[in-house]
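Novice: The structure's right below; bear with me while I get my questions together.
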Amino acid sequence: MQLLKLVSFAIVAAGLVGSAMQSSAAEPENTLVMTLKDGDVVIALRPDLAPKHVEQIKALVREGAYDNVAFHRVIDGFMAQTGDVQYGDMEDGYVPEMAGTGGSNKPDLPAEFSGEPYVRGIVGMARTQDPNSANSQFFIMFGPAPSLNGQYTVVGQVESGMELVDQIKRGQGANGEVSDPDRMVKVRVQADN
């Protein structure tokens, strides 16, 4: 009888853990699939932390604005930055010396800072010194960077494919500029399949 109770408890506990893990995954409407040269990276967007930023990212994705955009700044152990839809499109208007300075035709966004820490796999919005200047550029963290906590808007977390992010070509120098950079081949919202 004790064994039956123990087995029953284990089954119930496994079910609870499984459903809790399932509920932590983003809904398809808030999941990005970013195709890189070696495969797909799945990113769970966080509208609970940054609703305006997530809305703008999804609008840009649905316009195809992120397709073929370069990872123009990649610093080993820190992050890979992309999303300059103005100067970073490697098939239509790539300007290497300007990549990283542009945005989109949409307005800059007010900061939506949170207490979410910058650790491996976090996706954050790039900006200038003005905290209210994020537009289209974002970065994916290779490792923790506590100095960014509360200073940059967190918009998501890599759910799978981080090993593909690790393979993105690194830049040179302190600022991580990349010559002949890798790119986001295609980006889509999972719900749009």
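Just so you know, all these numbers are worked out from the coordinates, no wet-lab data involved. Because the structure is predicted, anything quoted here is derived from the model rather than measured. Here the Cβ is made from the backbone with ideal geometry for all residues, glycine too, and neighbour counts use every protein chain on show.
Novice: For each of Arg62, Arg183, count neighbouring Cβ atoms within 10 Å of the residue's Cβ, then give the residues from fewest to most.
Specialist: So the ranking, lowest neighbour count to highest, is Arg62, Arg183.
Novice: For the chain, find the longest principal axis of its Cα atoms and tell me its angle to the long axis of helix 51-63, 0 to 90°, nearest 10.
Specialist: In the chain, helix 51-63 runs at an angle near 70 degrees to the longest axis.
Novice: Order the peptides 144-150, 33-39 from the highest to the lowest mean number of other Cβ atoms within 10 Å of their residues. Spell out each step's value before the answer.
Specialist: Details: 144-150: 14.7, 33-39: 16.7.
Ranking the peptides 144-150, 33-39 by packing returns 33-39, 144-150.
Novice: For Pro110, what is the net charge nearby, where nearby means another residue's Cβ is under 14 Å from its Cβ and Lys, Arg count +1, Asp, Glu -1?
Specialist: Charge balance near Pro110 sits at -1.
Novice: Here's another thing I want to ask about it. Below 8 Å, C-alpha to C-alpha, sequence gap of six or more: please give me the relative contact order for the chain in percent. Spell out each step's value before the answer.
Specialist: Working: 425 pairs, mean separation 58.9, N = 193.
Normalised by residue count, the contact order of the chain is 30 percent.
Novice: Tell me which residues come under 5 Å, amide H to amide H, from Met90 once H is placed; ignore anything under 5 positions away on its chain.
Specialist: Val69, Ala70
Novice: Mean shadow of the chain, computed from the convex hull of its alpha carbons, in nm²? Numbers along the way, then the final one.
Specialist: Working: hull surface 51.0 nm².
Convex hull of Cα atoms, orientation-averaged projection: 12.7 nm².
Novice: List every residue whose amide H lies under 5 Å from the amide H of Gly39, counting only residues 5 or more places away in sequence or on a different chain, with H placed 1.01 Å from N in the peptide plane.
Specialist: HN-HN under 5 Å from Gly39: empty list.
Novice: Find the relative contact order for the range 25-102 and round it to a whole percent, using C-alpha pairs within less than 8 Å whose residues are 6+ positions apart.
Specialist: Working: 94 pairs, mean separation 13.2, N = 78.
Result for the range 25-102 is 17 percent.
Novice: Add +1 for every Lys or Arg and -1 for every Asp or Glu among the other residues with Cβ under 14 Å from the Cβ of Leu36, and state the total. Can you show the working numbers first?
Specialist: On the way: positive: Lys37, Lys169, Arg183, Lys186, Arg188; negative: Asp38, Asp40, Asp67, Glu163, Asp166, Asp182.
Summing Lys and Arg as +1 and Asp and Glu as -1 gives -1.
Novice: Can you show me the helix-derived [θ] at 222 nm for the chain, built from DSSP H runs with n ≥ 4 at -39,500 (n - 2.57) apiece and divided by the number of residues, rounded to the nearest 500. Before the final figure, lay out the partial values.
Specialist: Working: 3 runs with 40 residues, N = 193.
My calculation for the chain gives -6500 deg cm²/dmol from helical runs alone.
Novice: Have a look at Asp84, Asp130, Asp48 and tell me which one the Gaussian network model of the chain (Cα, springs below 10 Å) gives the largest fluctuation.
Specialist: Asp130
Novice: Along the range 169-182, what does the Karplus equation 6.51 cos²θ - 1.76 cosθ + 1.60 (θ = phi - 60°) give for ³J(HN,Hα), rounded to whole Hz, x for Gly and Pro?
Specialist: So the J values, rounded to whole Hz, are 4, 7, x, 10, x, 5, 8, x, 4, 10, 8, 6, x, 6.
Novice: Between Ala174, Ala44, Ala126, which gets the highest mean-square fluctuation from a Gaussian network model of the chain, Cα cutoff 10 Å?
Specialist: The residue with the greatest mean-square fluctuation here is Ala174.
Novice: Now, a different point. In nm, give the distance between the simple-model label positions of Glu163 and Glu63, each being 7 Å from the Cα along the Cα-to-Cβ direction.
Specialist: 3.6 nm
Novice: Tell me, in nm to one decimal, what length is gained between Asp76 and Thr101 on full extension, where the rule is 0.36 nm per residue of separation less the Cα-Cα distance?
Specialist: 6.9 nm
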